[in-house]
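Report on one structure; see the data block that follows.
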There are 2 protein chains.
Amino acid sequence: MYDVLRDADPDTPPLPGCGPVLPLQDHDGSPLRQQIFEHIRAMGQVARSDIARALGVSAGSVTALTAELIAAGFLQEVEDSPRETGRGRPPVALSVVPDSSYVIGIKISDDQHSAVLTDFAGNMVADSVQPTTSPRKSVAELLDETVPLIDTLLAQAKMDMTRVSAIGIGISGIIDHQTGTVPWSPLLTETDADLGAAFADRFACPVYLDNDANLLTLAELWFGRGRTMSDFAVVTVEHGVGMGLVLGNRLFRGVRGMGLELGHIKVQLDGALCRCGQRGCLEAYLADYALAREAATALGQPGSQTAAAALESLFAEAKAGNQAARTIFERAGRYLSLGLSNVIQLFDPALIILSGERMRYDYLYADNVLSEMHRLTLETSRSQCEVALHAWGDLVWARGATALALSATTSILIGAVAP
Amino acid sequence: MYDVLRDADPDTPPLPGCGPVLPLQDHDGSPLRQQIFEHIRAMGQVARSDIARALGVSAGSVTALTAELIAAGFLQEVEDSPRETGRGRPPVALSVVPDSSYVIGIKISDDQHSAVLTDFAGNMVADSVQPTTSPRKSVAELLDETVPLIDTLLAQAKMDMTRVSAIGIGISGIIDHQTGTVPWSPLLTETDADLGAAFADRFACPVYLDNDANLLTLAELWFGRGRTMSDFAVVTVEHGVGMGLVLGNRLFRGVRGMGLELGHIKVQLDGALCRCGQRGCLEAYLADYALAREAATALGQPGSQTAAAALESLFAEAKAGNQAARTIFERAGRYLSLGLSNVIQLFDPALIILSGERMRYDYLYADNVLSEMHRLTLETSRSQCEVALHAWGDLVWARGATALALSATTSILIGAVAP
DNA sequence: AAATTAATTTTAGTCTCTGAACTAAATTAC
DNA sequence: GTAATTTAGTTCAGAGACTAAAATTAATTT
C-alpha cells in the first residue's frame, strides 16, 4: 500500500537534472531567462525547440536568451546528439555548465555536522561529516567547528571558497528564514542569534538559513519524489514531528514564516505531556522521546539510557513478540494516522511523503496506519491522498540545504546576466 | 480581550471602497491597468499621483491607463476636491463608476435563499430573501426557486439582467470552484451536479460557485476586517465548523481545492460521533447539532425539536445558572480553543476572525476561550495571533458571493479594455 | 538531386511601462 | 500683484521583453 522509495532503488532510474520538473503555475515573477535556465537544469538536457514548446514561448526568445546564458558561461551545447530518430534538422541539447558555480549545504546536529558540496547543475560533488562533542554551544564555537568541515569538503573537490556562491544551513529550532536569525535553537546557547550574518562574515559568502523540516522538504522538491509534484506535504518523525509543504513548486513557510508545527497540534485535551511543556501535542505520542518514555514505564527499562537506545530495544522487544512493546508502537501508529489525516483534511495534498532518516520502524509505518489514516479522512473519490515512504541517507538535510542555497543563488546569478 | 466587530459599529467608520486595501505581494500576473483599477476601488477615491506613489509606478503610466479606463466608462473624475490643504496644483480624485457593471450574489440555504445586488464599486444596491420549504431539492427545482429571488432583486433596483455581468453562488457541501460543479451538497438531491452551468444557462451570465466558508472569508476580505490584512484565517461555527484562509490577499482553497476542512480534523481518537460518520471530529464537539445532542441528554429535552431551538433553550438555561448547561458550553469552548490553537500552529496567521451570523453565545466566545487558546499554542513573543469576533447580518454569505463574482468580473472587464 | 521536415536564427514589430521634459493650477513670499 | 515654489498631471521618445513570420540550416525521404 505504501509507495516505498529508497535512494538506491534499482528499478527507478533517477530523473536527470535537479529541481522541480513541473513549471510554476504562477511563474510571472521570474523573467523568462531564469525560467529557461531552471527548465534546462530540471530536465538535465533539452533542445531549444523543446524548451519553447514546454514553456509556451517563442523559439526566437529561447535562442536569444540561451545565447546570453551560453555567453555568460552558465549553459553549454551538448556534443553528442541524444535523439537520432527525427526527420528534420536534429535538435541540439543544452545543459547547465556544472562548474559555473558551486554551493555548500550544512546541517547542524547535536552529535555531528554534515556538509555537501553541489555544483550548479545540482550534482553532489563532495560531502563531509564532523562529529561534535557538546550538543549545545555558542555561535562562535559553532563557527570554529564548521571551518574544518568545510575545509575537508573543499579539499575533497580540490576547490577553494572563491568558487562557492552561497551556503545553505539547516538547524533545528525556531528559525527566521527571512532575516537569517535564530530566535531559539536547542543547539545554541544564545537566543536571537544572528547566525546567518555570523556565517556570512566568516566565509565571505551569502548564507541562507532554514529549519530541518523545510530542508527535508526542499530535498524532496529538488532531488526526490517531489520533483514531479508541484504540491505535496512532507511529514517526518524523528526527535520531533515536523512537516513541510510545497504549494505550486514553492516551499510554503506559513503566513508569517513560523507555521506548520505539526508536532504541536493538539490531538487530545489534557493529553500526554510534551517536551514543549504543553499537553496533548501530537509529538507527545509519536516522537522518539515519547516512545522511550513509554518503554521505560512498560518494560521497566532504566530511564538513564538515550532515547535512541531505548527505542532500539523497544523495537527489538516488539519484534520478539512482546505485547506491551507492540501496543506502544500501535498506539503511536494510530496517532500518526490521526496526524496525517488532519494534514489531509486541512491542506488536501495529492501526496504526503513520509521522509527522513529513520523511516524503518515497521510498526509505525505499517499498512494499517495508512488504512486507518484513510478511514479517519473525509475524502471524495477523486481526491484520495497518496502516501509515500522515503528513506534517505543521513546527508538528506545537507542536500536540502544545498537546494536552499542553489535556488537563491540561481535567481541572483541568472538575474544578473545582462542582455 | 476579543476585538469585537459589528456591522454598524459607530466608532469605526467604514473604510471607503471595497476589496483588499493592501497590494498583492506577488502582483506580477495582473497588468497594471487592473492593479490601478483595483487600487482605486479599494481606496474609494484616489488621485492619480497617489496611485503612482502607492503602486510604485510612473505617473505617466497612471495617466495613460486611467485615461483608457475613463474612456471605457469604468472610472470617473470626482468633482468636489476632497483635499484643500496642499500647496501645489490640487489633485483630482478618481473613483469607480458604480453603474458601469453589476453582479449578483446568491446564498442557497436549507430554509431560505438570499441574494444581493452589488454595483461595480462594491456598493450593495438591493437585497432579497426567499423562504424555501424542502431543504433538499433537485437542481431544476432550485433554479425555479431562484428566478423570483432574482426578479425581486432586479425590480428593487429597477434593472434587468442585461446589466448584470456575473452571478456568484454559495452553497454548503463539497464544491468544485474550478469547474462550478457540486460533487455533493446536503441541499441537493443530485450528486456531481453541474450547478454552475445550469445557472449560467438559465440566466445567460457567467456563474461562479464556492462553499459557505470561502464566501464568508471573501466577505471579510472585501468588506470586513480582512481588507487591511493580506493574510488571515476565518473560522466559523454554525451548522458545522468551517474555515477559510487568505494568503497574500488571495483566497487559499487548499492544494486541490478541497482542503481546510477544520470541522473534520480529529481532536480525539475514538471521540464523539460526528454527522460525517466518523469519530472525534472537532465539529462533533462544537457544531449546533453537537450541542443540541448534549442538551437533549443532559437536560432531558425532547430530541424532536430543531437544533436551533434546542440550542436556544440550552443557552437560556446556562444564562439562568443551570450548571449542566454551562458545562456543555464550557466543554465546547475548550474544544474551540483547541481548534483555534491548531489553526495557529499550522498556519501561523496574524489574525483569526471568528465570523458568521451566530457569534453570540457568550460562553463559546468568552475571554477564557481565548486565553486557553493562547495557552495551548507555542508562540514566540513576536507572533501572538490576534483574534477578532465579527458578527454579520444574515446577508454576509450573499455579499461574499458578490465578492466572488466581482473579482472574477473585474479581471475580465478591465482586461478587455484595449489601449 | 529535389522535396520534405524540423530546429534555429534573424528581423521587424508590438506591448507595457519608465523617465525626463513640459504644462497646469494652486500657495507663499515679497 | 507678480514671481517663485510646489504639487499634479500630460506628453513623448525609448528601453526591455517578447512574439510572429520569414529566412537559414541540416538532416531524412523520395
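Data for the structure
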{"item": "Ranked packing of A:188-199, A:257-268, most packed first, by mean Cβ within 10 Å", "result": "A:257-268, A:188-199"}
{"item": "Per-residue average of Cβ from other chains inside 10 Å of B:274-284", "result": "2"}
{"item": "Inter-copy spacing of B:Gly300 label points, which lie 7 Å from Cα along Cα→Cβ, given in nm from shortest upward", "result": "5.2"}
{"item": "Gyration tensor verdict on the protein assembly as shown (Cα atoms; rounded if a/c is under 1.5, prolate if a/b is larger than b/c, oblate otherwise)", "result": "oblate"}
{"item": "Stretch gain in nm, segment B:Ala298-B:Ala197, where the contour uses 0.36 nm per residue and the Cα spacing is subtracted", "result": "31.7 nm"}
{"item": "Cleavage-rule hits (trypsin sites (Lys or Arg not before Pro)) in segment B:42-89: DSSP loop, at most 12 neighbouring Cβ within 10 angstrom", "result": "B:Arg83, B:Arg87"}
{"item": "Ranked by how many other beta carbons lie within 10 Å on average, peptides B:393-402, B:37-46 from highest", "result": "B:393-402, B:37-46"}
{"item": "Label distances, nm, B:Asp144 versus same residue in remaining copies, Cβ-directed 7 Å point", "result": "8.6"}
{"item": "Position B:Asp110, label points 7 Å along Cα→Cβ, spacing to each other copy in nm (shortest first, one decimal)", "result": "5.1"}
{"item": "Residue order, fewest to most beta carbons within 10 Å, for B:His177, B:His113", "result": "B:His177, B:His113"}
{"item": "For B:101-109, mean number of other protein chain Cβ atoms within 10 Å", "result": "0"}
{"item": "Segment B:370-413-segment A:286-354 distance, computed between alpha-carbon centres (Å)", "result": "37 Å"}
{"item": "Average partner coverage of A:243-255, which counts Cβ from other chains inside 10 Å", "result": "3"}
{"item": "Net charge of Cβ neighbours under 14 Å - reference A:Thr402; Lys, Arg +1; Asp, Glu -1", "result": "-1"}
{"item": "In sequence order, calculated HN-Hα J values of segment B:86-92 (Karplus, 6.51, -1.76, 1.60; Hz; x Gly/Pro)", "result": "x, 9, x, 4, x, x, 10"}
{"item": "For segment A:286-415: rounded, prolate or oblate by the Cα gyration tensor [a/c cutoff 1.5]", "result": "oblate"}
{"item": "For segment B:184-214 and segment A:41-102, distance of Cα centres in Å", "result": "46 Å"}
{"item": "The protein assembly as shown - mean residue ellipticity at 222 nm from DSSP helices (-39,500 (n - 2.57) per run, n ≥ 4, rounded to 500)", "result": "-11500 deg cm²/dmol"}
{"item": "Flagged links, alpha-carbon separation over 32 Å, of B:Lys137/B:Lys158; A:Lys266/A:Lys319; B:Lys137/B:Lys319", "result": "B:Lys137/B:Lys319"}
{"item": "Residues of segment A:107-122 with amide N under 15 Å of the 7 Å Cα→Cβ point at A:Glu312", "result": "none"}
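Here, each number is a calculation from the coordinates, and none is a lab measurement. Keep in mind it's a predicted model, so treat the numbers as computed, not measured. So basically every Cβ, Gly included, is an ideal-geometry build from the backbone, and we count neighbours across all protein chains shown.
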